[in-house]
Amino acid sequence: MKLVFAGTPEVAVPALDALIASGRHEVAAVVTRPDAPAGRGRRLVASPVAERAEEAGIEVLKPVKPRDEEFLARLREIGPDCCPVVAYGALLPRVALDVPARGWVNLHFSLLPAWRGAAPVQHAVMAGDEITGASTFLIEEGLDSGPVYGTVTEGVRATDTSGDLLTRLAFAGAGLLAATMDGIEDGSLKAVPQPADGVTLAPKITVEDAHVDWATPALRVDRVVRGCTPAPGAWTVFRGERLKLIQAALVPDRTDLAPGELSVGKKNLYVGTGSHAVELLWVQAQGKKPMAAADWARGVRIAPGEQLGDADVR
């Protein structure tokens, strides 16, 4: 088939690579979000998908909105049979969905109908799911509600951050998307409607969602830290300023600390929760680089009984 691939971030690159490498289909063009400011200089930078496509000599389309007439005219001119999509980042209007004869097929990082929405991997980690996966489905105008072509499963490890899990799913999903294109082309795959039961939603994680409540059980604290890493980053308050929490570990045998209470050892930093303690392993203070939590604690000279989560944020 002639394909136009739509995607933007790094997580979409393995799927683009798989389609290029398959040799069975022609990736005629790539659709991605416009260049965006990045880094300290805030200079405009092309998306990872755009950079990979340019390396491969593939035409890159960067519409501000996918309903822009210039973009739609070029899409019709290319005449794709199918448009595979991975984390493109914009809603596709009906007028664009109607262009390819075999539709737009999305690789979504959950086992649909679970975790429909923008942040399926983060929500899976924060909910404590033991199994997740990826699905390919035919895009329709509803939110991730189209019929499913195929799935692949992936276990969620006890120490997985959302970044760890998403990296594995990106590569497993790349193979699934390539196989889905093959099955659509040869007629061996038919999309199956999603069941009405089991629908859960995964909206974008907000900064407030990433705010750790030390009164909740340790398991919940651990899931929030892992689920919000690397983005948007779990955080708490210390002496009126935000402290980013990068890595923590459960300490089930320590129950002597009140929620948020800190305890500094020679090489460890513990904090109480609503159940047992957690050990903070890596943190990042405002305006500072990430550092080992025990080193941070020595630097700020934590007083006996001092807590996280108190006072207002400056």
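The values are calculated or read from the model by the stated rules, or taken from the named source; none is laboratory data. Computed from a predicted structure; not experimentally measured. Here the Cβ positions follow ideal geometry from the backbone for every residue, glycine too, while neighbour counts run over all protein chains shown. To get the accessible areas, we keep the full protein, side chains included, count just its heavy atoms, and leave off ligands, DNA and RNA. Shrake-Rupley method; radii C 1.70, N 1.55, O 1.52, S 1.80 Å.
Going by the structure shown, is Leu245 outside any loop (DSSP other than H, G, I, E, B), in contact with a Cys (Cβ under 9 Å, 6 or more places away or on another chain) and surrounded by 15 or more Cβ atoms within 10 Å (Cβ to Cβ)?
On the way: outside any loop (DSSP other than H, G, I, E, B): yes; in contact with a Cys (Cβ under 9 Å, 6 or more places away or on another chain): yes; surrounded by 15 or more Cβ atoms within 10 Å (Cβ to Cβ): yes.
In short, yes.
Working only within segment 1-41, note down all residues that are part of a loop (DSSP other than H, G, I, E, B), within 23 Å of the chain's Cα centre (by Cα) and either among the aliphatic types (A, V, I, L, M) or surrounded by fewer than 16 Cβ atoms within 10 Å (Cβ to Cβ) (or both). Before you say what the answer is, go through the steps one by one.
Keep residues of segment 1-41 that are part of a loop (DSSP other than H, G, I, E, B), which gives 1, 8-9, 23-25, 32-35, 39-41.
Then keep just the ones that are within 23 Å of the chain's Cα centre (by Cα); that gives 8-9, 32-35, 39.
Hits for segment 1-41 are Pro34, Asp35, Gly39.
What number of residues within segment 259-280 are part of a strand (DSSP E or B), free of Cβ contacts under 8 Å to residues at least 40 places away in the same chain and open to solvent by 50 Å² or more (accessible area, probe 1.4 Å)?
Step one: of segment 259-280, the residues part of a strand (DSSP E or B) are 259, 261-264, 269-272, 277-280.
Restricting the remaining residues to those that are free of Cβ contacts under 8 Å to residues at least 40 places away in the same chain gives 263-264, 269-270, 279-280.
Then keep just the ones that are open to solvent by 50 Å² or more (accessible area, probe 1.4 Å); that gives 264.
Qualifying residue count, segment 259-280: 1.
Give segment 186-199 a look and list any residue that's crowded, with 16+ Cβ neighbours inside 10 Å and either within 26 Å of Asp129 (Cα to Cα) or out of contact with any Phe, Trp or Tyr (no Cβ under 7 Å at 6 or more places or on another chain) (or both), or say none.
Here is the first cut: in segment 186-199, the residues crowded, with 16+ Cβ neighbours inside 10 Å are 189, 191, 194.
Correct list: Ala191, Gln194.
Each row is one residue, and each column tells you yes or no for (1) over 14 Å from the mean Cα position of the chain (by Cα); (2) without any contact (Cβ under 8 Å) to a residue 24 or more places away in the chain.
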{"site": "Ser162", "(1), (2)": "no, no"}
{"site": "Leu165", "(1), (2)": "no, no"}
{"site": "Leu177", "(1), (2)": "yes, no"}
{"site": "Glu185", "(1), (2)": "yes, no"}
{"site": "Pro203", "(1), (2)": "no, no"}
{"site": "Val237", "(1), (2)": "yes, no"}
{"site": "Leu257", "(1), (2)": "yes, yes"}
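Pro232 fails exactly one of the following numbered conditions: (1) without any contact (Cβ under 8 Å) to a residue 24 or more places away in the chain; (2) open to solvent by 40 Å² or more (accessible area, probe 1.4 Å). What is the number of that condition?
Pro232 satisfies every listed condition except (1).
Output the residues belonging to segment 75-96 that are surrounded by fewer than 19 Cβ atoms within 10 Å (Cβ to Cβ), in contact with a strand residue (DSSP E or B) (Cβ under 6 Å, 6 or more places away or on another chain) and not in a loop (DSSP other than H, G, I, E, B). Steps first, please.
We begin by selecting, within segment 75-96, every residue surrounded by fewer than 19 Cβ atoms within 10 Å (Cβ to Cβ); these are 76-79, 81, 89-91, 93-95.
Restricting the remaining residues to those that are in contact with a strand residue (DSSP E or B) (Cβ under 6 Å, 6 or more places away or on another chain) gives 78, 81.
The answer is Ile78, and nothing else.
For segment 157-185, enumerate the residues that are farther than 15 Å from Gln247 by Cα, in contact with a Pro (Cβ under 6 Å, 6 or more places away or on another chain) and open to solvent by 10 Å² or more (accessible area, probe 1.4 Å).
Within segment 157-185, Phe171 is the sole residue that qualifies.
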